[in-house]
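Reviewing the structure listed below.
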Amino acid sequence: MKPKAQVYIFGIGSGIGQGLYKRFLEDKSVSLYGFSRKGELPLNVFSKKENGTFVFDATKKEDLRTLEISLSEKYGFKKEPTAPNYIQTELYVYFALGDGIFGTIDLLKKKDLEAHFQLNVHSLLLLSKYFSQNLPFFQQATFVFLGSTAGKQGFPESAAYCASKHAVLGIARALREEWKPFGTKVVHVSLGAVATEIWDTRPQFDKNDMVSISDISEYLWSISHLPKSIFVDDLSITPRKGIL
Ligand SMILES: NC(=O)c1ccc[n+]([C@@H]2O[C@H](COP(=O)([O-])OP(=O)(O)OC[C@H]3O[C@@H](n4cnc5c(N)ncnc54)[C@H](OP(=O)(O)O)[C@@H]3O)[C@@H](O)[C@H]2O)c1
C-alpha cells in the first residue's frame, strides 16, 4: 500500500498556518507535519513519525540542520532500506511562517531588519533547498508560498515588509522554473488582509474587514486537491473591500 500524501506546514503556532493545520486534521487521507516554535514534539524525533507538530525555529542554524538531515533520513539518501517508499506519493509543503515589520524607514533598526529577512526570506530558501534534495523520491510535489499584496506593490511604512514579500514572489517564480523537470507545482498566493495577530499592532485596520482564518484555511487546503494537470502560479486573494 502506498503511504499517505505527506503534508508539511511551517508556521502552525498561530494565524493562517494554525487554521490550515486544523483544516488538514479533518483530512484523514494525509500524514500531517506541523512546525513552529510552539510545536509539541522535539524536532529530532520527526523522521520516525507519521504525524505531529514539532518544535522548530526557522532562524536557528541547528534546527535547520536537524530538519535537513531528518528529511533525508525519512525520504532520501539516508533512508533505511526497510522504510516506506514514497515514489507513488504526493508531497505538499505550505510556507505560512513569517512576521511583519512596519513603521517609517527612519525608525527601522538594523537588528530587526536582519531578523525579518532571516525568517521571511532566508528560511524559505533553505527549507526549499532541503526539500529539493528529496523531490526525486516523490511522485509529485506542490509548494505553496504565502506571499502578500505587499509582494506586488508598495505600501507606506512597509519598506522592509514589501521587500521581503517581493522576494517571496521571486523565490516562487524561480523555483517554478527550476523544478519543471520534476513536474513540481509552485503556487504563490498574494494575500490581502487576513484577520490574524499580525494586525494586532495596527489598530487602524478593522479585522471585521478582513478575510477570516477559517475561510483562507479552507481555500489553501483545496490547493492540495487540484486536478493533476492543473498548475496554478500566482493567486491574488483579497477581502470584500479589496486592498485595505
Ligand atoms: N494576516 C495577513 O493579513 C497576511 C497577509 C498577507 C500575507 N501574510 C503572510 O502570511 C504569513 C502568516 O501570517 P499570519 O498572519 O498567520 O501571522 P502570525 O499569526 O503572526 O503567524 C506567524 C507564524 O509564523 C511562525 N513563526 C514565527 N517566527 C518563527 C520562527 N522563528 N520559526 C518558526 N516559525 C515561526 C509562528 O509560530 P510560532 O510563534 O509558534 O513560532 C506563526 O505560526 C506571513 O508570512 C505573513 O506575512 C499575512
Of these, 72, 47, which one is out of contact with any Phe, Trp or Tyr (no Cβ under 7 Å at 6 or more places or on another chain), away from the ligand (no atom under 16 Å from the Cβ), in a helix (DSSP H, G or I) and touching a residue at least 60 places away in the same chain (Cβ under 8 Å)?
-> 72
Looking at (1) in a loop (DSSP other than H, G, I, E, B); (2) within 22 Å of residue 63 (Cβ to Cβ), which is the only condition residue 128 fails?
-> (1)
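Right, residue 201: in contact (Cβ under 8 Å) with a residue 40 or more places away in the chain, under 16 Å from residue 239 (Cα atoms) and within 11 Å of the ligand (Cβ to nearest atom) or not?
The answer is no for residue 201.
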List every residue pair whose Cβ atoms sit under 7 Å apart, with the two residues 6 or more apart in sequence or on different chains, where the first one lies in region 145-172 and is at positive phi and the second, anywhere, is at pLDDT 95 or above and hydroxyl-bearing (Ser, Thr, Tyr).
-> 157/104
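Looking at region 11-61, which of the residues that are of a type in the set (Asp, Glu) and out of contact with any helix residue (DSSP H, G or I) (no Cβ under 9 Å at 6 or more places or on another chain) is nearest to residue 96 (Cα to Cα)?
Initial filter on region 11-61 (of a type in the set (Asp, Glu)): 26-27, 40, 50, 57.
Those still in the list that are out of contact with any helix residue (DSSP H, G or I) (no Cβ under 9 Å at 6 or more places or on another chain) too: 40, 50.
On the way: 40: 18, 50: 21 Å.
Result: 40.
The values are calculated or read from the model by the stated rules, or taken from the named source; none is laboratory data. Just so we're clear, the structure is a prediction, and the values are computed from it rather than from any experiment. Cβ sites come from the backbone with ideal geometry, for glycine too, and all protein chains shown count toward neighbours.
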